[in-house]
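Below is one structure, written out as structure tokens; comments come after it.
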């Protein structure tokens with residue numbers, strides 16, 4: 001029964017994050033950047049439920065972006081699945097429940113994601129301006145993604161405890 005509930009959590013979280021990220025949030029007029037809610041969901045699911053769920057949610061999120069967004073097939077699937085698996089693996093080895101550690105984990109994931117996108121999407125196309133990319137794309141997106149990540153992680157943790165799903169973490173502490 002827990003596997004069905006986990007599957008239900010994935011099936012609800014990923015499409016909802018996608019709809020918010022791609023259809024709802026870009027329509028807000030004064031929003032500087034759109035938070036990467038799919039990445040926040042993959043990190044949250046992987047960190048809460050382990051490697052398998054992180055990998056599956058990463059593949060689903062990446063395929064969703066690859067199929068709907070166009071571009072090179074497998075481009076986002078590769079990075080999202082690697083990050084989801086790595087977060088799940090890390091959660092099994094790390095016993096931290098501190099919010100600052102989770103934000104640091106998000107920062108590392110976003111740096112890896114944006115370096116991957118920058119190198120394979122921009123650098124190969126001979127666009128070498130990394131500092132403007134950092135200032136105009138990465139920093140605003142990171143700030144908004146932190147807020148989305150904390151919201152998603154909190155909601156997933158709440159439902160996991162309410163449905164008695166086994167999670168790798170206990171109570172989250174704010175330091």
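Fully extending the segment from residue 30 to residue 122, taken as 0.36 nm per residue of separation minus the present Cα-Cα distance, adds 30.5 nm.
Once the Cα atoms are used to define both axes, helix 75-93 deviates from the longest principal axis of the chain by about 40 degrees.
Were the residues from residue 89 through residue 161 laid out at 0.36 nm apart, the gain over their Cα-Cα distance would be 23.8 nm. Taking every DSSP helix (H) stretch of at least 4 residues in the chain, weighting each as -39,500 (n - 2.57) and dividing the sum by the residue count yields a mean residue ellipticity at 222 nm of -22000 deg cm²/dmol. If you work out Cα extents along the principal axes in Å from the coordinates, which of [x] 98, 27, 20; [y] 49, 36, 34; [z] 66, 33, 26 do you get? Of the labelled values, this structure produces [y]. By how many degrees, between 0 and 90 and to the nearest 10, does the Cα long axis of helix 99-117 differ from the longest principal axis of the chain? That works out to roughly 40 degrees. For the chain, the relative contact order comes to 29 percent (Cα pairs under 8 Å, sequence separation of at least 6).
Between residue 101 and residue 147, the modelled labels are 2.7 nm apart [label points 7 Å from Cα along Cα→Cβ].
Relative protection proxy for 18-30, 38-50, 132-144, from highest mean packing down: 38-50, 132-144, 18-30 (other beta-carbon atoms within 10 angstrom). What spacing in nm lies between the two simple spin-label points modelled at residue 23 and residue 112, each 7 Å away from Cα in the Cβ direction? Each label point is offset 7 Å from its Cα along the Cβ direction, giving 3.0 nm.
Taken together, the values in this text are just the output of simple stated rules run on the coordinates, not laboratory data. Just so it is clear, the model here is predicted, and its values are computed rather than measured. Cβ: placed from backbone, ideal geometry, glycine included. Neighbour counts: every protein chain shown.
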